[in-house]
Amino acid sequence: MKTPITIPITLDDILKLAPIPDELHASFLRVANGLVQRANYPKEKVMGLLAQMLQHPKKYAYSSNKVTNLARSVYELNKRGIPVPLSETGATYLPPEPAPYVSDASEKQTERDFALRTESLPYAVFGREQIEEGALVQMGTAASLPVSVAGALMPDAHQGYGLPIGGVLATDANTVIPYAVGVDIACRMCLSVFDLPPAFLNREPDLLKKSLVEQTKFGMGGETRQKIDESVMDLPQWRATKVIRDLKDKAYRQLGSSGTGNHFVEWGIVEVYTNDDQLNLPPGEYLALLSHSGSRGFGGNVANYYSKLAMQRTRLPKQAAHLAWLDLNTEEGQEYWIAMNLAGEYASANHHEIHRKLAKALGQTPLTMVENHHNFAWKEQLPDGREVIVHRKGATPAGQDVLGIIPGSMTQPGFVVRGRGNADSLNSASHGAGRLMSRTQAFARITRSEWNKALQQADVQLIGGDLDEAPMVYKDIETVINAQHDLVSVLAKFTPKIVRMADANRKEGRED
């Protein structure tokens, strides 16, 4: 069998792409011919890859790929005011532009005033005795909207903007309320369980701590360079609207990072109580990784833009202003719906990126993974057959046999649960323990020595964090779980041991 003939790439070929400075000639030739000779890339493929890198050097510099180092050199030149523009000939090597994304709606939503119902719809409350009055008032207002169909309040509920956190609201099938989804769109949980015993925590604490420090990135400006799987960025929805297109680069840079506030990545022990067909893990104890984060700056910017737009289009009395909705039959509603669902895909990919990196650091593959959103809106059907939009703002989907995760705090356990499909709760459960104190109250009331004592008593090591997330600011998770036995079955308990959060920075906002 004959060995394939490889055609070397010459300097003339390289210079057809762009006016490459002399100092980079050798690097370009080495990388290009390395791809031809060692990776068996056809010449056309190499030229196409180099053309794409020259068109978007920052993107390629911030990802793990075959031309990363070359892209960093080009990007550094750009930052020094030495552009390396792709030539017309170079542009012919680029892949064809994808087809434009086409929306279903063409009509704009008109501005209109709406009044509230004189009486709010009845709604179920779970764990009423531990829910603050402000959350009940907010839920009553939400249940008074003319588009509201049904509602429920979870036992971890507390006051928020518009819909309380822990609130669930079903509205007419053509209406979505951005503030009832939340500012951190698609904030979610993700649990990976490994075939390693709890004793691994005692044997390799330094490895586990080091992996959290090196493989995670926190903070509002947090960005990552190395990507394992960036395929979520290839979804056609990134071309759907100007708002989305303008945020794509930020989303790419932040892929695989976590936010501030109550976002975390932590190692711990998961105890599986019983055999379950869906969880598919034998009873016992395992090393596990749990993360909590959302759609980062992309989701936050989408939420802010469309919440303001909704309040312009749908004018409500002052106490309900943040519950303004968008009509899904209009451009504005369709744009938000596309962006919200894209944020869901992105948030999931974000968690997967974090979990893959940490699994790789251990040289392990998870036995199973459980995950769920808890800031989102879904098209669902009520028992009477009505089509509705169910908004869960800080609530876990708990339809029949749906798996989910309800975390506690940095010193309290979280739980893997299986939904019972309770219609009164709109197939929902709590998304955590729920706050007892606001952030301002936490900073004023809790001392660092109290916080350290709580960590020591729970045998938890914390990397980062601040007093506004101290365990004392949260309700007792066992009480919250006991208030929702009609909503979920508990399959397993997760006990945190090494917790990573954003470093203390009180000048920075909170993303949760």
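Answer yes if at least one residue in the range 283-302 is in a helix (DSSP H, G or I), at pLDDT 95 or above and of a type in the set (Phe, Trp, Tyr), and no otherwise. Checking the range 283-302: at least one residue is in a helix (DSSP H, G or I), at pLDDT 95 or above and of a type in the set (Phe, Trp, Tyr). If only residues of the range 61-76 that are open to solvent by 30 Å² or more (accessible area, probe 1.4 Å) and under 28 Å from the mean Cα position of the chain (by Cα) are counted, the one that is farthest from Glu223 (Cα to Cα) is Lys66.
Selection over the range 17-41 of residues that are at pLDDT below 90 and either part of a loop (DSSP other than H, G, I, E, B) or open to solvent by 30 Å² or more (accessible area, probe 1.4 Å) (or both) gives a count of 5.
Condition check ((1) within 30 Å of Ala339 (Cβ to Cβ); (2) crowded, with 20+ Cβ neighbours inside 10 Å; (3) among the hydroxyl-bearing types (Ser, Thr, Tyr); (4) in contact (Cβ under 8 Å) with a residue 12 or more places away in the chain) across all residues:
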{"site": "Phe200", "(1), (2), (3), (4)": "no, no, no, yes"}
{"site": "Arg203", "(1), (2), (3), (4)": "no, no, no, no"}
{"site": "Asp206", "(1), (2), (3), (4)": "no, no, no, no"}
{"site": "Lys209", "(1), (2), (3), (4)": "no, no, no, yes"}
{"site": "Val213", "(1), (2), (3), (4)": "no, no, no, yes"}
{"site": "Phe218", "(1), (2), (3), (4)": "yes, yes, no, yes"}
{"site": "Thr224", "(1), (2), (3), (4)": "yes, yes, yes, yes"}
{"site": "Ile228", "(1), (2), (3), (4)": "yes, no, no, yes"}
{"site": "Asp234", "(1), (2), (3), (4)": "yes, no, no, no"}
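Looking at the range 422-430, is at least one residue more than 30 Å from Asn174 (Cβ to Cβ), within 22 Å of the chain's Cα centre (by Cα), touching a residue at least 12 places away in the same chain (Cβ under 8 Å) and open to solvent by less than 10 Å² (accessible area, probe 1.4 Å)? There is no residue in the range 422-430 that is more than 30 Å from Asn174 (Cβ to Cβ), within 22 Å of the chain's Cα centre (by Cα), touching a residue at least 12 places away in the same chain (Cβ under 8 Å) and open to solvent by less than 10 Å² (accessible area, probe 1.4 Å). So, in the range 153-189, of the ones that are over 19 Å from Ala321 (Cα atoms) and hydrophobic (A, V, I, L, M, F, W, C), which residue ends up surrounded by the fewest Cβ atoms within 10 Å (Cβ to Cβ)? Ranking the qualifying residues of the range 153-189, first place goes to Ala173. For the range 451-509: of the residues being among the acidic types (Asp, Glu) and over 23 Å from the mean Cα position of the chain (by Cα), which is farthest from Gln441 (Cα to Cα)? The extreme case among them is Asp486.
Listed by position, the helices (runs of 4 or more DSSP H) enclosed by the range 406-512 that each have at least 2 residues that are within 26 Å of Gly284 (Cβ to Cβ) and not polar (S, T, N, Q) are 477-482.
Listed here are the residues, each with its yes/no results for (1) at pLDDT below 95; (2) of a type in the set (Ser, Thr, Tyr); (3) more than 21 Å from Gly160 (Cα to Cα).
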position: Ala395; (1), (2), (3): no, no, no
position: Leu403; (1), (2), (3): no, no, yes
position: Asn422; (1), (2), (3): no, no, yes
position: Leu426; (1), (2), (3): no, no, no
position: Ser438; (1), (2), (3): yes, yes, no
position: Thr447; (1), (2), (3): yes, yes, yes
position: Gly465; (1), (2), (3): yes, no, yes
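Number of residues in the range 377-403 that are in a strand (DSSP E or B) and either open to solvent by 10 Å² or more (accessible area, probe 1.4 Å) or basic (Lys, Arg) (or both): the value is 9. Glu271 meets the conditions (1) more than 17 Å from the chain's Cα centre (by Cα); (2) within 26 Å of Phe494 (Cβ to Cβ); (3) open to solvent by less than 30 Å² (accessible area, probe 1.4 Å) in every case but one. The failed one is (3).
So that you can scan it fast, the table gives a plain yes or no per residue for (1) within 27 Å of Asn505 (Cα to Cα); (2) of a type outside the set (Asp, Glu); (3) at pLDDT 95 or above:
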residue: Val125; (1), (2), (3): no, yes, yes
residue: Ser148; (1), (2), (3): no, yes, yes
residue: Gly166; (1), (2), (3): yes, yes, yes
residue: Asp195; (1), (2), (3): no, no, yes
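The set of residues in the range 316-337 that are open to solvent by less than 20 Å² (accessible area, probe 1.4 Å) and touching a helix residue (DSSP H, G or I) at 6+ places or on another chain (Cβ under 7 Å) comprises Ala320, Leu323, Ala324, Trp325, Leu326, Leu328, Glu332, Tyr336.
The values are calculated or read from the model by the stated rules, or taken from the named source; none is laboratory data. The structure displayed is predicted, hence computed values, not measured ones. Don't worry about glycine lacking a Cβ; one is built from the backbone with ideal geometry, like all the others, and counts go over all protein chains shown. Heavy atoms of the whole protein, side chains included, go into the accessibility calculation; ligands, DNA and RNA do not. Shrake-Rupley method; radii C 1.70, N 1.55, O 1.52, S 1.80 Å.
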